[in-house]
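Scroll down for the structure; my scribbles are underneath it.
The values are calculated or read from the model by the stated rules, or taken from the named source; none is laboratory data. In this text the structure is predicted, and so the values were computed from the model without any measurement. Note that each Cβ is placed from the backbone with ideal geometry, even for glycine, and that neighbours are counted across all protein chains shown. Accessible surface areas use protein heavy atoms only, side chains included; no ligands, DNA or RNA. Shrake-Rupley method; radii C 1.70, N 1.55, O 1.52, S 1.80 Å.
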Amino acid sequence: MHQHVENLLHFAEKSGLIQARDYHYIKNQLYHMLHLEHGYSLKPVSISHPSEALNPILDELEKLGQLDGSQITRDLFDAKIMNVMAMKPSDVEYIFFKLFMESSRKATDWFYQYMQNVNYIRMDRVQKNRSFHVQSSYGKLDITINLSKPEKDPKSIILASQQESTSYPKCLLCIENEGFTGDYTRDSRDQLRLIEVDIEKERWYFQYSPYIYYNEHAIVLSEHHRPMKIDKKTFENLFYLCRFFNDYFFGSNADLPIVGGSILSHDHYQGGRHHFPIEKAKTYRSWLHEDIQYTILKWPLSTLRMTGKVEYRLISMAMQVLNSWQNYTNESLNIRSHTDDTPHHTVTPIVRKHGGEFTIDLIFRDNQTSKRYPLGIFHPHEDKWHIKKENIGLIEAMGLGILPGRLDQEMNDVKSYLLEGQPLPERSLKHQAFADQIKSQPSWDSTNIDHIIEDAIGKVFVGVLEDCGVFKQHDQQSMDAMTSWLKDVTTS
Ligand SMILES: [Zn+2]
């Protein structure tokens, strides 16, 4: 174990996580924590990721009976090892803003790397994700099968079931998570560090997501635990953030159940340095009015793009369109703004800055349910649940499908069914029709089967997005209604 601790210290120093001056201090802290005896003189071996030292340290602790054999306890414990080497939040913030004076890019580059070095972003796990592209009539879409979260082992499941639930912190996005030790149901947040960003006298906090779904996947959360709300303030804040963090896009999940993200209880945005497929979407209709270019995108989710140079004009038009959408009903298209007093309409907004120009995308969402579609009319329909059943939030709406990790194993079952004629096991029976559909195609064999399966998954994902579109791209009447409504709102 001494050797691995030495390697870890060497990594920490080399990556700038700790200063050479702090070596003895940190070493003493770690030795005490791991119950190690002093007196060894060891030469460090270079490692490129903290997990290369942490995993063998944890293995040895398991052998010594100091851990309980569950993945969850390992994760909680290695966070504490890394946190010994981490700076206090105020020190991280000090360096961030010192670099920010030079450029926003320098500050975010440093902070992103820091969060990886301190192993808050577990890059070794993120790299396990399986990603591929799929060609569609909407352009190239991206798919990621999410394998970064380890499957819960039986021991972890038992420990989680025995965990008493507490209301501190209130949710995963509360500021109180910074340094939170975690428990059997909640991941450790020991090494979480946030950067305070004041927007118009309100306090917000910038952090990186521990599960990076795209490059520099960031979250900006409100100081207050209050529900998500899309209003004028949301648009203003997204524009502000795009000016503050150079080259980052910022967007928000919708603020209603079914069409929103997984956390509606805490106001937050997402951003990052990444280009999503929606940015390359083609034009369905476009018009210029005064200083704003309006474009209805050729995109499965119904989207209006507004481009212009003057921020307050775009914000005021975005509000006008949102207000109109919140009261838009078209019975023949199954679109209804309210049921009694319950509102159904909101948007998923995304803002980007290109040079002196801003772009805001408004993706129109409707969260009605019906007898036929109890989980949502504009939600993935049942024939696609074998691939994706969860809400379609901001990231997916932009054309990056995050699909459940179970698919990895299940697609191997499909492969065995196709290549070796093995019947699908219980867990993969839901893919029977999907597998038979591939089987009926003439052009697959053992050399291209992986690609054929990926392509078939991609097609289902396209269908998922089309289900969520309120105006249907393949229906002329629907697209005419969308065009004439939006022309009216934006040119009156
Ligand atoms: Zn909260």
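Yes or no: G39 in contact (Cβ under 8 Å) with a residue 40 or more places away in the chain, out of contact with any strand residue (DSSP E or B) (no Cβ under 9 Å at 6 or more places or on another chain) and open to solvent by 30 Å² or more (accessible area, probe 1.4 Å)?
No, not satisfied.
Could you identify the single residue in G272, G251 that is more than 23 Å from E466 (Cα to Cα) and touching a residue at least 12 places away in the same chain (Cβ under 8 Å)? First the steps, then the outcome.
Working: G251 fails: more than 23 Å from E466 (Cα to Cα).
Answer to the selection: G272.
Exactly one of (1) open to solvent by 20 Å² or more (accessible area, probe 1.4 Å); (2) modelled with pLDDT of 95 or more is unmet by D445. Its number?
Unmet for D445, out of (1) open to solvent by 20 Å² or more (accessible area, probe 1.4 Å); (2) modelled with pLDDT of 95 or more: (2).
Those residues that are closer than 14 Å to T303 by Cα, open to solvent by 10 Å² or more (accessible area, probe 1.4 Å) and of a type in the set (V, I, T), I need them from region 467-492; list them, please.
Within region 467-492, just T483 meets the criteria.
Give region 245-259 a look and list any residue that's surrounded by fewer than 23 Cβ atoms within 10 Å (Cβ to Cβ) and within 16 Å of the ligand (Cβ to nearest atom), or say none.
D255
Quick check on my filter: what residues within region 59-96 are open to solvent by 40 Å² or more (accessible area, probe 1.4 Å), part of a helix (DSSP H, G or I) and without any contact (Cβ under 8 Å) to a residue 60 or more places away in the chain?
Listed by number, the residues that qualify are D59, E60, E62, K63, F77, S90, D91, Y94, I95.
Taking region 417-442 on its own, how many of its residues are touching a residue at least 12 places away in the same chain (Cβ under 8 Å), open to solvent by 60 Å² or more (accessible area, probe 1.4 Å) and not aliphatic (A, V, I, L, M)?
The number of residues fulfilling the criteria is 4.
So, in region 102-112, of the ones that are touching a residue at least 60 places away in the same chain (Cβ under 8 Å) and surrounded by fewer than 20 Cβ atoms within 10 Å (Cβ to Cβ), which residue ends up nearest to the chain's Cα centre (by Cα)?
So, considering only residues that are touching a residue at least 60 places away in the same chain (Cβ under 8 Å) and surrounded by fewer than 20 Cβ atoms within 10 Å (Cβ to Cβ), the one nearest to the chain's Cα centre (by Cα) is Y112.
For region 183-195: of the residues being within 16 Å of the ligand (Cβ to nearest atom) and either of a type in the set (K, R) or more than 21 Å from the chain's Cα centre (by Cα) (or both), which is nearest to I72 (Cα to Cα)?
Checked region 183-195; the qualifying residue nearest to I72 (Cα to Cα) is R186.
Say whether the condition of being within 16 Å of the ligand (Cβ to nearest atom), of a type outside the set (V, I, T), in contact with a strand residue (DSSP E or B) (Cβ under 6 Å, 6 or more places away or on another chain) and closer than 28 Å to K389 by Cα is met by at least one residue in region 162-178.
Checked region 162-178: at least one residue is within 16 Å of the ligand (Cβ to nearest atom), of a type outside the set (V, I, T), in contact with a strand residue (DSSP E or B) (Cβ under 6 Å, 6 or more places away or on another chain) and closer than 28 Å to K389 by Cα.
Tell me, which strands (runs of 3 or more DSSP E) lie completely within region 169-287 with 1 or more residues that are hydrophobic (A, V, I, L, M, F, W, C)? So that I can check it myself, show each step before the final result.
Numbers: elements: 195-199, 202-208, 218-222, 249-251, 268-272.
Result: 195-199, 202-208, 218-222, 249-251.
Which numbered condition trips up Y205, out of (1) under 26 Å from D109 (Cβ atoms); (2) open to solvent by 20 Å² or more (accessible area, probe 1.4 Å); (3) more than 14 Å from the ligand (Cβ to nearest atom)?
(3)
Quick one: how many residues across region 220-244 are surrounded by fewer than 20 Cβ atoms within 10 Å (Cβ to Cβ) and within 16 Å of the ligand (Cβ to nearest atom)?
Within region 220-244, residues that are surrounded by fewer than 20 Cβ atoms within 10 Å (Cβ to Cβ) and within 16 Å of the ligand (Cβ to nearest atom) number 6.
Could you figure out which of (1) assigned to a helix (DSSP H, G or I); (2) in contact with a helix residue (DSSP H, G or I) (Cβ under 6 Å, 6 or more places away or on another chain) isn't true of D408?
(2)
Take S165 and decide whether it is at pLDDT below 95 and buried (at least 19 other Cβ atoms within 10 Å of the Cβ). Steps first, answer last, please.
Numbers: at pLDDT below 95: yes; buried (at least 19 other Cβ atoms within 10 Å of the Cβ): no.
Here the answer is no, as S165 does not meet what is asked.
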